[in-house]
Amino acid sequence: MPVILKIAVPCPLRQTFDYLPDQSKTQWQRGLRVKVPFGHRDLVGIIVAIEHVEDSTKLASLKTIIACIDKGPLLPKAIFDLIQWSSDYYHHPIGDCFQVALPKKIRLGDPATLQTDTYWSLCQENRSTAALGKKQQAVIVLLQQHNMAMSQTMITQAIGNHSDALKRLENKGLVEQQNRVKKPEINLKIKALKTLNDEQQHAVNTIWQQRSQFSSTLLYGITGSGKTEVYIQLTASMIEADKQVLILIPEIGLTAQFVSRFKQHLAACIVVFNSSMNDNDRQQAWLLAQTGQADVVIGTRSAVFTPLDRLGLVIIDEEHDSSYKQQDSLRYHARNVALIRAKQATVPIVLGSATPSLETLYHVQSQRYQLLSLTQRATGAVLPEVALIDSHGPKANNGLSSQLYKAIAQTLADDNQVLLFINQRGYAPVLMCHDCGWQASCSHCDAKMIVHQTRYQLRCHHCGFNQPLPKACPECDSKDLGSYGVGTQQIEQSLQQLFPTTPVLRIDRDSTQRIGAFARLVNDIQAGGAKILVGTQMLAKGHDFHDVTLVGILDADQGLYSADFRATETLAQLVTQVTGRAGRGQKTGKVYIQTQQIDHPFWQDLLQGSYRQTAEKLLQERRQSQMPPVGSLCVIRAQAKQQASSLQFLTEVAALLNQHQQQAVFVLGPVPAVMEKRAGRYRAQLLLTTENRKALHQLLDHHINTIASLKSARSCRWSIDIDPIDLL
């Protein structure tokens, strides 16, 4: 009986495409990559279904595939089903979902072939090693000590470059070389697992007892409580049981430190996934996981789709972090996808955080998740003392109060480190003319241009447009221009003036653009090379700087009056996380928070109580307003070059949705976005809100094909964002 191959093609259309198989003797299966003609191009698609047809007239208009790329499916059923779920839940084209889930070289059709490397091992025959030179003896001893084949890189790391000695030993028949699959180097000096305190051990035991079933656990540990040690010991047990572990972390900058801690204690094949890797390394890591040769996968958001046939545990570190939410293309939340993956695989999932999201706390209260708490710092260190400073008080220099200046001077005199946090990169957020009031604005966005004095530029942080700093006002030609507000560059400059003999290190997106730059800066901090650290939230997450005893939080009021309904939650998480960088070692720490709203109830709740108490209060507010996590949201966004086009499209969408008489779902808008113009396009949005998540998805399923076929949809770009993390 003839067959039709239903293929997901990388395109924005919400459908699969029918093709005929070629004349090869391929055993057609779901998950095979095939090259197909598509319009005027040849694309690589994925077979998602095979349909047997009786009516051969259906075949006449179909194109034939060009070639099948694989001998067998690359994607196991579990990952295939996960991608399909993501497409259905987030209402996103299935072909585009595969693009998000696969490494670039795999999705472009490169052979799924593992790279190999040269490994050296002792010959099985016992031969005399007398009269060998020192380098040759060193190689023999190393191979005997570890009793395994070692790559040239591993040998060099252990005893230096001994390539000539290896060749001589090979000629003497004492060692032999062979090509093996290239894997990440295993640490040859494994440290014993640390002794856990009672709370940590209870967490490990509880999760381990549930290893054969699906369970969701919030590991709620204060900053410095040793959550990573819990992860490591659980991972060690899983590897011993021949299981694989998937670990998600929020930021690329955390990767080096996080992986290093695991490699210190685990003689395992640990592969890394993040966007800073080159395409070859990313494909190699993916194939090592897919073939079962990787024991542990540590990666950022997209690693959630990595194939692991022996998956035993999923861990999400800093589960509250907004970086887990993809903001374009497939707008998935890695935490939610990971929960579905763990449920489908019937394995436990651990969500770790010192500042859990309101969603996670809500599920704990609803008894969907179990709660395990770590209430003390693992090193025995005490939590830092926190004090508020009125920003209207005496100033020492740009952005710094005199009280904070004195604290910095004393900390430096004690030979300790200082961390200053300000969530604004650049030199200043506003450039203004004193004579006519002109302000530098982006010509492509409804946003102010940020002063970047180190490069003498004005730069838009929304679209990336930049231009030279003007020497005179473009409106009145006055040279009396002034910058207002402070950013990381200005704070760095002020500190260098105040403490000219003290090294100051700035860490933000501008100073860490080069590959490996962030890891080098962190190493410099841990080695004590920089005494004052200035940075954005890149410094707030998960880093252990044991000599940091003073933390200053500057311009801390940004989240108090934001239009974003999550702003207060985000501010509480950020302040708590930054505060946790102080006093993590044996030295006590202190935190100063500069605020213009020193009497605001938020500060009293957070500092006199705890993050948990603040979160409970915010959760009660969400219940009253039926906002997430109590209710569910969806935002349909549109953007177009013509201001009216996006609003016209969304007006038609709103009319369609309101026709359905679905009372469980409220359709609000459309309205222009808070920042209406961005990167030269005008943006608008339509908000859907409901207490019934199922009703929302049924409404979208019913209308999505009609929406996609609207004539007005052709004049704009549009997207559906399920469970948005902001409404701006």
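The values are calculated or read from the model by the stated rules, or taken from the named source; none is laboratory data. Note that the coordinates shown come from a computational prediction; the quantities given were computed from them, not determined experimentally. Every residue, glycine as well, gets a Cβ built from its backbone with ideal geometry; the counts of neighbours run over all protein chains shown.
Worth a mention:
- All positions within the stretch 494-513 that are within 33 Å of the chain's Cα centre (by Cα) and free of Cβ contacts under 8 Å to residues at least 40 places away in the same chain: Q496, P503, V504, L505, R506, I507, S511, Q513
- Residue match in the stretch 623-640 (condition: among the hydroxyl-bearing types (S, T, Y), buried (at least 19 other Cβ atoms within 10 Å of the Cβ) and within 30 Å of R681 (Cβ to Cβ)): yes
- Residues in the stretch 616-663 that are among the small types (G, A, S) and more than 20 Å from L727 (Cβ to Cβ): A644, S645, A655.
- In the set I315, I340, I239, only one residue is crowded, with 23+ Cβ neighbours inside 10 Å and aliphatic (A, V, I, L, M); that residue is I315.
- Residue within the stretch 372-383 that is within 28 Å of L727 (Cα to Cα), buried (at least 22 other Cβ atoms within 10 Å of the Cβ) and not charged (D, E, K, R) present: no
- Filtered residue count, the stretch 300-331, keeping only those that are within 17 Å of I252 (Cβ to Cβ) and part of a strand (DSSP E or B): 3
- Wholly within the stretch 421-491, strands (runs of 3 or more DSSP E) carrying at least 2 residues that are modelled with pLDDT under 90: 481-484
- The stretch 165-184, residues that are free of Cβ contacts under 8 Å to residues at least 40 places away in the same chain and crowded, with 16+ Cβ neighbours inside 10 Å: A165, R168, L169
- Within the stretch 162-180, the set of residues being within 17 Å of T118 (Cβ to Cβ) and either among the β-branched types (V, I, T) or not in a helix (DSSP H, G or I) (or both) comprises H162, L174, V175, E176, Q177, Q178, N179, R180.
- Among the residues making up the stretch 208-241, those that are in contact (Cβ under 8 Å) with a residue 40 or more places away in the chain and part of a helix (DSSP H, G or I) are K227, T228, E229, V230, Y231, Q233, L234, T235, A236, M238, I239.
- Only a single criterion out of (1) assigned to a helix (DSSP H, G or I); (2) farther than 30 Å from Q410 by Cβ is not satisfied by P628, namely (1).
- Some residue of the stretch 251-273 being acidic (D, E) and modelled with pLDDT of 90 or more: no
- Residue that is nearest to K479 (Cα to Cα), among those in the stretch 426-468 that are among the β-branched types (V, I, T) and surrounded by fewer than 21 Cβ atoms within 10 Å (Cβ to Cβ): V430
- T300 vs. criteria within 30 Å of L374 (Cα to Cα), at pLDDT 95 or above and surrounded by fewer than 24 Cβ atoms within 10 Å (Cβ to Cβ): no
- For the stretch 141-161, a residue qualifies if it is without any contact (Cβ under 8 Å) to a residue 12 or more places away in the chain and either in a helix (DSSP H, G or I) or outside the structural domain of L174 (by TED's automatic domain parsing) (or both), and the qualifying residues are V141, Q145, T156.
- If the condition is being of a type in the set (V, I, T) and part of a strand (DSSP E or B), then the stretch 338-382 contributes I349, V350.
- Condition check for I4: over 35 Å from the mean Cα position of the chain (by Cα), among the β-branched types (V, I, T) and on the phi < 0 side of the Ramachandran plot: yes
- Selection status of T549, touching a residue at least 60 places away in the same chain (Cβ under 8 Å), of a type in the set (S, T, Y), in a loop (DSSP other than H, G, I, E, B) and over 27 Å from Y362 (Cα atoms): no
- Single match in I159, I140 (criterion: more than 26 Å from I270 (Cα to Cα), at pLDDT 85 or above and not polar (S, T, N, Q)): I140
- Per this entry, D198 is counted among residues that are more than 30 Å from the chain's Cα centre (by Cα), farther than 30 Å from Q136 by Cβ and either among the small types (G, A, S) or surrounded by fewer than 21 Cβ atoms within 10 Å (Cβ to Cβ) (or both).
- Residue in the stretch 242-264 that is farthest from the chain's Cα centre (by Cα), counting only those that are over 27 Å from S212 (Cα atoms) and assigned to a helix (DSSP H, G or I): Q264
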